[in-house]
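One structure is given here, and the rest of the page talks about it.
We did not get these values from a lab; they are worked out from the coordinates using the rules stated. Note that the coordinates shown come from a computational prediction; the quantities given were computed from them, not determined experimentally. Every residue, glycine among them, receives a Cβ derived from its backbone with ideal geometry; neighbour counts consider all protein chains shown.
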Amino acid sequence: MKLIHALALGAGLAAAPAAHAQTLTVETGTPSGLTTLAMQVIATYGDLDLQINSGQTLTRACLKAGQGDIDVAICPPPAMSAMANGVGPYKDVSDSAKEAHGNLRGLFAFSAGFFHPIVKADSGIESWDDTFGTRIFTGPPAGAANNQSQAIIRAASGMEPGEDYEAVNLGWGAGLQAFQDGQFEVFMRPAPIGVSVIEQLGPIRLLGLSEEARESEAWKNYTAQESRFAGTIPAGTYSNAVNEEDVTVAEYSMQAGVHADMDEETAYQLTKQFWENLDAAKADIKVLAGINPEQPFIGMNLPLHPGAIRYYKEIGVEIPDARM
């Protein structure tokens, strides 16, 4: 696949035409996470006017984008099948969710980070075998991260929530404070590598996926979706982590979704300005380093918007049939 260079097309970006001169509303996840930082690439380095509302539950954000209530949402690929079938976090709005899913189109996808299984260094917990009977934060109750965390725990340890451990569900900010206050033992925190919030937790240990766990049926089921795979957090990434070796954890991707009725030029500019400003943004924001321009569709499971298709064709990127 052709590399998307920041300066691939001309000396700079053209001014945004009147067709998309309005302020575009965007909903993203945690302020320090890549779901937010990815959109700031456009807001800070491009010339589109974005109003980014971070700290949102992404499953709800995708519903709102599909209903036309907001312009852009960062959508977890695993939530899209639930949305299409009106189940899981969408069971109470089943018909609306199905209709909204049919209206969603993708712009780009990116590796958004890793599930960091965190324990305090002095907790006595050194591996997943030591977590039976503990309290584990798995994410907000209505978010896709909750189900993903439980699936990762199942693969890593064979444990089931409510039977082998107590699943704790809070918002991200409340969960961070609760971990610092000792209200649970294990903190499943999705975040890009090197995010500063993890270094603010005091001495910690990261719990890795063993080779045996990665060969389990539970892990195979979890990684059956393209947006889920194993990744590595190198030793020394976090100054407060006591791990002396690389840690294998679950990596995940995200995708930017918009309504099918968004005008083509706006969708084109959103896609173009993300990729063509990424290099400049990486120089200032180190956690963007994990976004690979050679993988613009990593884990994507939405059909592309015609405006995005136009951009990728313009620069010679091969588009998979499934994204058409």
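The table below gives the values:
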| item | result |
| --- | --- |
| Order of 160, 27 - criterion: other Cβ atoms within 10 Å of each residue's Cβ, fewest first | 160, 27 |
| Spin-label model distance (nm) - residue 92 vs residue 261, 7 Å beyond Cα toward Cβ | 2.6 nm |
| For a label point 7 Å along the Cα-to-beta-carbon line of residue 230, residues of region 242-273 with backbone N under 14 Å | 246-251 |
| Degrees, to the nearest 10: 144-157 long Cα axis against longest axis of the chain | 40 degrees |
| Furthest towards positive pole of dipole, 266, 147, 256, structure part the chain, Cβ charges | 266 |
| Of 234, 293, 89, the one that fluctuates the most in a GNM where the chain has Cα springs shorter than 10 Å | 234 |
| Where N is the number of residues in region 228-324, Cα Rg divided by 2.2 N^0.38 Å | 1.33 |
| Rh by Kirkwood over Cα pairs, then Stokes-Einstein D for region 114-252 at 0.692 mPa s and 37 °C, µm²/s | 222 µm²/s |
| Most mobile of 87, 26, 258 in a GNM of the chain (Cα contacts under 10 Å) | 87 |
| Antiparallel DSSP beta bridges within region 114-252, as percent of all bridges there, nearest 5 | 70 percent |
| For the chain, built as a Gaussian network whose Cα springs stay under 10 Å, the top-fluctuating residue of 248, 131, 44 | 44 |
| Helix axis angle, 264-276 relative to the chain longest principal axis, alpha carbon, degrees | 60 degrees |
| Cβ-based charge dipole, the chain, positive-most Cα from 296, 26, 136 | 26 |
| Net dipole in debye of the chain [+1 Lys, Arg Cβ; -1 Asp, Glu Cβ; about Cα centre; nearest 20] | 520 debye |
| About the Cα centre, charge dipole magnitude for region 203-262 (Lys/Arg +1, Asp/Glu -1 at Cβ), debye | 160 debye |
| Selected from 97, 213, 315, residue furthest toward positive end of dipole (the chain; charges at beta carbon) | 315 |
| At R0 = 56 Å, FRET efficiency that the Cβ-Cβ distance of residue 319 and residue 122 yields, to 0.05 | 0.65 |
| Percent antiparallel among DSSP beta bridges (both partners in the chain, rounded to 5) | 65 percent |
| Mean ellipticity per residue at 222 nm, deg cm²/dmol - from DSSP H runs of n ≥ 4 across the chain, formula -39500 (n - 2.57) | -9000 deg cm²/dmol |
| Magnitude of the charge dipole, region 30-172, Cβ model with Lys/Arg +1 and Asp/Glu -1, debye to 20 | 300 debye |
